[in-house]
Amino acid sequence: MKDLTLSQEYLICAVNEKGTLGAFSTEKQVCLVAAALLELRLAGCVALEKKTVTVTAPLPAEQAHLAPLYHYLTGGKDRKLEKLLEDYHYSVTDTRLNDLLGAIGSSLAALDLARPVKAGLLGGKTGYLPTREAINGVVDLVRAELLEEGEVTEDVAALVILLDKGKSLKPYFSAFEQKEMKEKIQAIGKTPTGKLVREMVEYVENLISIMATLVVVFS
């Protein structure tokens, strides 16, 4: 299987049997946006602060599937995280979130790792069902790095953090395996070289915290 990016790997493991994140799966939706932001950060395209996102470089061809989010971010000098989450989750329509999911899903379909399917109440939306090969490839990658003796890359550490916060680990890993992975990531975060891992954990937790505040405001 070809090497995939963080947002592609996250989508493969996060979608349900209908190829979507679910209308009421707020954590999964927030973590999709977080996956895209962290991927842009790892690619050197944006700088992530606790409250803002700033574009710092052009979008590489390898991240073309993140064009919807990247173009949104280039709409101003910087973007407040609270405003970003409002626009992606509490706008009049869910167009922005659907466009991001669609772009990532389409990139997987182009690699024959997912197929588009009709979704939504009246079949008016498009979901993306990952292939068994795609799912096994991502799960095996996580196992190799976090459940065996080996180096843990920043991408895989970020993926497990996102799947954990998005409540998407359970279908693929036992409770014991999940505990082992979390402990390994925590251990890495305490080392001098684990600074970025710590930052990623804090960033995702901050996004979910902001989203929880917005739920109260918009409810």
Restricting the stretch 84-126 to residues that are assigned to a helix (DSSP H, G or I) and at pLDDT below 90, the residue that is surrounded by the fewest Cβ atoms within 10 Å (Cβ to Cβ): 95
Residues (under 25 Å from residue 43 (Cβ atoms) and touching a Gly at 6+ places or on another chain (Cβ under 9 Å)) located in the stretch 153-195: 157, 185, 188, 195
Can you find a residue that is surrounded by fewer than 16 Cβ atoms within 10 Å (Cβ to Cβ) and touching a Lys or Arg at 6+ places or on another chain (Cβ under 8 Å) anywhere in the stretch 155-169? yes
Selection over the stretch 22-58 where residues are under 23 Å from residue 172 (Cβ atoms), open to solvent by less than 10 Å² (accessible area, probe 1.4 Å) and part of a loop (DSSP other than H, G, I, E, B) yields a count of 0
Close pairs from the stretch 64-80: first free of Cβ contacts under 8 Å to residues at least 60 places away in the same chain, partner assigned to a helix (DSSP H, G or I) and of a type in the set (A, V, I, L, M), Cβ under 6 Å, at least 6 apart: 66/36; 68/100; 68/103; 69/36; 69/100; 79/73
Is at least one residue of the stretch 164-172 modelled with pLDDT of 90 or more, within 17 Å of the chain's Cα centre (by Cα) and in a helix (DSSP H, G or I)? yes
Tell me which of these residue 160 doesn't satisfy, since it passes every other one: (1) within 24 Å of residue 102 (Cα to Cα); (2) assigned to a loop (DSSP other than H, G, I, E, B). (2)
Within the stretch 172-183, which residues are without any contact (Cβ under 8 Å) to a residue 24 or more places away in the chain, open to solvent by 40 Å² or more (accessible area, probe 1.4 Å) and within 22 Å of residue 16 (Cα to Cα)? 174, 175
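The values are calculated or read from the model by the stated rules, or taken from the named source; none is laboratory data. No experiment lies behind these values; they were computed from the predicted model shown. Neighbour counts are summed over all protein chains in view; Cβ atoms, including those assigned to glycine, are modelled from backbone coordinates with ideal geometry. All accessible areas refer to the heavy atoms of the entire protein, side chains included, with ligands and DNA or RNA removed. Shrake-Rupley method; radii C 1.70, N 1.55, O 1.52, S 1.80 Å.
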